[in-house]
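**Q** I'd like to ask you about the structure that follows.
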Amino acid sequence: MTAMREAIIDRRGLVSRHDPVYGGAVSPSRDAPLSVGNGAFCFTADFTGLQTFAEEGAAFPLCTMAEWGWHRYADAPADDRGLRLEPFDTWGRDVGYAVSDAGQETLFKGLRHNAHKFNLARIGFDTGAAAGAAWIPVRQRLSLWEGVLSSVFSLGGSGTGKEAAVETFAAPDKDALHVRVTSPLVRAGMLRVVIAFPYGSHKKAAGTFAAPRLHTTSIIVQNDRCLVLRRVMDTTVYGVTVTLGEGVSASFDGIHTLTLSGSAENLTFAVHFTAGDPALRDVLGNGTGDGASGKTPPGFDAARLGLSGFDNARAACAAFWAQYWNEGGAVDLGGSTDSRAGELERRIVLSQYLTAIQSRGTLVPAETGLTMNSWYGKFHLEMHCWHQAHFALWGRAAELRKSLALYKRFLPRAREIATSQGYAGARWPKMCDDSGCNTPSSIAVLLVWQQPHPLFLAELCYRAFPPDEKANKAAFLREYRAVVVETAAFMFDFLHGDDDRNGGRYVLGPPLIPVQERFDPRTVLNPAFETAYFRWGLRQANVWLTRLGERPRTDWAEAAATLAPPAVSVKDGLYLAHEHCPDTFTRFNTDHPSMLMMKGVLPGNAGSAGIDDAVMNATLDRVLKDWNWNSLWGWDFPMMAMTACRLGRREDAVGLLLMDSPKNTYLANGHNQQAGASDLPLYLPGNGGLLLATAMMTAGYDGSGPLPGFPENGRWQVRYEGILPSP
């Protein structure tokens, strides 16, 4: 192995050799469509470069989605008042959790389905204008370096003069899609673009065209250069500005469909989505649109929209992506002779792109990001680390800080959750929308492993500040003091003290559901990962106070020192999921092997929790031998690779990242498909986890040397730059 730290890497060559290319031997697949986006807005296209053949029931739906795009049905519950809670005995007192829909199905499901993400629009070619013609893909390439999707297709066959070229990209700084279609078919009227607006849905496709009377689309401004539409779905209001290129005209059917036609061979347009009526007023300047006449208001100037011409917008997009690729971290495996190196490098590069277009907003992304709905488009806070922690290690900490700020916004709600259950501090929800409200669930409300996440993520951001930025580091400490302190206050209060019932130690649970979500919450005691994570979190909160010049909390320190160690099986000397877990490994070998997370995910200084490397090695061996691999999820593979890395098992680290398993499949578009019972065509925690693991495997971790995760067998040449060591 050749280790080259802070090497000079040909960034453009590295990135471009992994451009997804369809055509020739690689046919476009409906199971692996390509997307463009900017981190808070995403557009997924078929082989035409648009959403011409979008189907509501498709396994991989084609959606246009924005981070702010939340919708509530007209009959959605206003709040969770009236929701009956099930009491759980908690060391002598009852604490209520919304775990059952029995007798309250309407309210329970209404809270789960609302709010949900919705599909902003379907933008595709009008197949009726080319009735009877065969739509044939020719080639398609996604330029990762430029962020531009280029597509060529034909109507009737290639070489007939009926080909069309389409360029598609998202603006880097606004929720806008730019498109240029070039073909003689435009002038002939065979290629027209249809922009159709669906009604929002909690289902996978995030919208339906079967309910036209439940929403309205109206034109409030129209002139030769653009149209501004007002969309209303129940309480959701948003604006759509369509900017037209030279020779392009638009017609509206008066309901929900806009059709664009071109008089020349080019059909160029941009579609800009904005949230709410205030956004529309900003667009219109000092005018107010006349919805009845469609007149242009006084003072309206389309240039104020910030949607420059196609070529200027394309140059701005390319400049953004060049900066993104040049300023972040990079890993080059090009000189390796190991047959797996090319695939690992491809996954790394495409994961950087996919997290860039879907996970750079102010919210934690849903597990399918802005591509489609999963769990109604709600996000899961326990997945925050797997989605976005890697940004801090790959030289992009500013991206993580955007979503970290969510904890400041949600702090009042988290306090309410803790107070309602009789605890101090702030208890972070698990599954929620942008309101921060917890979603009722038989599992979600009883999870606690998301609780220390803000401490871990804040520490990663703190470490990412350059040493000379002392003022910024001090300001960051002050900014997150309340989040850190109230997070730890709940963790401490959630523990049970050292009385006669638990042998003079602090314990965690019951009731709770651990990472491995297959145990009865009433019997779970001291789950392995959560106990270690709480111990580290309480100590880390005291580190934060010390940095601020404040006195550490002695009760937090005492609880961390006496918190129960991880349980070890008497039968075979392996770490158990929790103390009450039956001593039969193969009976509980499904879902996440969470006992391995203590060594891999947690910072190295958590080793003082009494983790024994010999026991952990034996546990990893047993997992590799007997675990039910079909039951895993995409982030489990990089998680286990991190454990192998910290144990010095280099070959296992690489092998786990690339293990041939249904949930570790990476499609041609880079998405981590979850085949099997979950049946998700993409799963972003897998991509984020891959980047988190490869950061550790290259730059190392505190106390290690460089490249601790790659075999020293002469077949790996690993060059990396711009990556920070893991804690």
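The values are calculated or read from the model by the stated rules, or taken from the named source; none is laboratory data. Remember, predicted model here, so these are calculated numbers, not experimental data. Reconstructed Cβ throughout: ideal geometry from the backbone, glycine too, with neighbour counts over all protein chains shown.
**Q** In segment 238-258, how many are part of a strand (DSSP E or B) and surrounded by fewer than 16 Cβ atoms within 10 Å (Cβ to Cβ)?
**A** 2
**Q** Within segment 30-59, restricting attention to residues that are more than 23 Å from the chain's Cα centre (by Cα) and not hydrophobic (A, V, I, L, M, F, W, C), which residue is nearest to residue 167 (Cα to Cα)?
**A** So, considering only residues that are more than 23 Å from the chain's Cα centre (by Cα) and not hydrophobic (A, V, I, L, M, F, W, C), the one nearest to residue 167 (Cα to Cα) is 49.
**Q** When segment 397-437 is examined, which residues are found to be touching an Asp or Glu at 6+ places or on another chain (Cβ under 8 Å) and at pLDDT below 95?
**A** Within segment 397-437, 437 is the sole residue that qualifies.
**Q** Just checking, how many residues over segment 96-134 are without any contact (Cβ under 8 Å) to a residue 40 or more places away in the chain and more than 30 Å from residue 511 (Cα to Cα)?
**A** 4
**Q** Now for a separate question. Might you check whether a residue that is surrounded by 23 or more Cβ atoms within 10 Å (Cβ to Cβ) and touching a His at 6+ places or on another chain (Cβ under 6 Å) occurs anywhere in segment 104-116?
**A** The answer is yes; a qualifying residue exists.
**Q** Which of the residues spanning segment 235-253 are within 22 Å of residue 118 (Cα to Cα) and small (Gly, Ala, Ser)?
**A** 239
**Q** Search segment 427-453 for residues that are over 17 Å from residue 411 (Cβ atoms) and pair each with any residue that is among the basic types (Lys, Arg) and modelled with pLDDT of 95 or more when their beta-carbon atoms are under 7 Å apart and the residues are at least 6 apart or on different chains.
**A** Filtered contacts from segment 427-453: 431/378; 439/112; 439/378; 440/112; 444/430; 445/430; 447/430.
**Q** Across segment 5-15, what is the number of residues that are in a loop (DSSP other than H, G, I, E, B), modelled with pLDDT under 95 and of a type in the set (D, E, K, R)?
**A** The qualifying residues number 1.
**Q** Looking at segment 342-440, what helices (runs of 4 or more DSSP H) fall wholly within it and have at least 2 residues that are surrounded by fewer than 24 Cβ atoms within 10 Å (Cβ to Cβ)?
**A** By residue number, 397-404, 406-420.
**Q** Moving to a separate point now. For segment 195-212, indicate whether the set of residues that are touching a helix residue (DSSP H, G or I) at 6+ places or on another chain (Cβ under 6 Å) and either assigned by TED's automatic domain parsing to the domain that holds residue 66 or on the phi > 0 side of the Ramachandran plot (or both) is non-empty.
**A** Scanning segment 195-212 turns up at least one residue that is touching a helix residue (DSSP H, G or I) at 6+ places or on another chain (Cβ under 6 Å) and either assigned by TED's automatic domain parsing to the domain that holds residue 66 or on the phi > 0 side of the Ramachandran plot (or both).
**Q** Just checking, which of 128, 132 is on the phi > 0 side of the Ramachandran plot, more than 24 Å from the chain's Cα centre (by Cα) and surrounded by fewer than 24 Cβ atoms within 10 Å (Cβ to Cβ)?
**A** 132
**Q** Still on this structure, please answer the following. Please work out which one of (1) assigned to a loop (DSSP other than H, G, I, E, B); (2) modelled with pLDDT of 95 or more; (3) among the small types (Gly, Ala, Ser) is the condition residue 335 fails and give its number.
**A** (2)
**Q** Among the residues of segment 658-673, are any farther than 20 Å from residue 342 by Cβ and in a loop (DSSP other than H, G, I, E, B)?
**A** No, every residue in segment 658-673 fails to be farther than 20 Å from residue 342 by Cβ and in a loop (DSSP other than H, G, I, E, B).
**Q** How many of the residues making up segment 226-264 are on the phi < 0 side of the Ramachandran plot and either out of contact with any strand residue (DSSP E or B) (no Cβ under 6 Å at 6 or more places or on another chain) or of a type in the set (Asp, Glu) (or both)?
**A** The qualifying residues number 7.
**Q** Among the residues of segment 221-234, what is the count of those that are under 22 Å from residue 119 (Cβ atoms), among the β-branched types (Val, Ile, Thr) and crowded, with 21+ Cβ neighbours inside 10 Å?
**A** 1
**Q** To continue, here is another question. Within segment 111-152, how many residues are out of contact with any Gly (no Cβ under 7 Å at 6 or more places or on another chain), among the aliphatic types (A, V, I, L, M) and in a strand (DSSP E or B)?
**A** Here the count works out to 4.
**Q** Among the numbered criteria (1) among the polar types (S, T, N, Q); (2) at pLDDT 60 or above; (3) part of a loop (DSSP other than H, G, I, E, B), which one does residue 261 miss?
**A** (3)
**Q** Does segment 625-641 include one or more residues that are among the hydroxyl-bearing types (Ser, Thr, Tyr), part of a helix (DSSP H, G or I) and touching a residue at least 40 places away in the same chain (Cβ under 8 Å)?
**A** yes
**Q** Also, quick follow-up: Just checking, how many residues over segment 158-198 are outside any loop (DSSP other than H, G, I, E, B) and aromatic (Phe, Trp, Tyr)?
**A** The number of residues fulfilling the criteria is 1.
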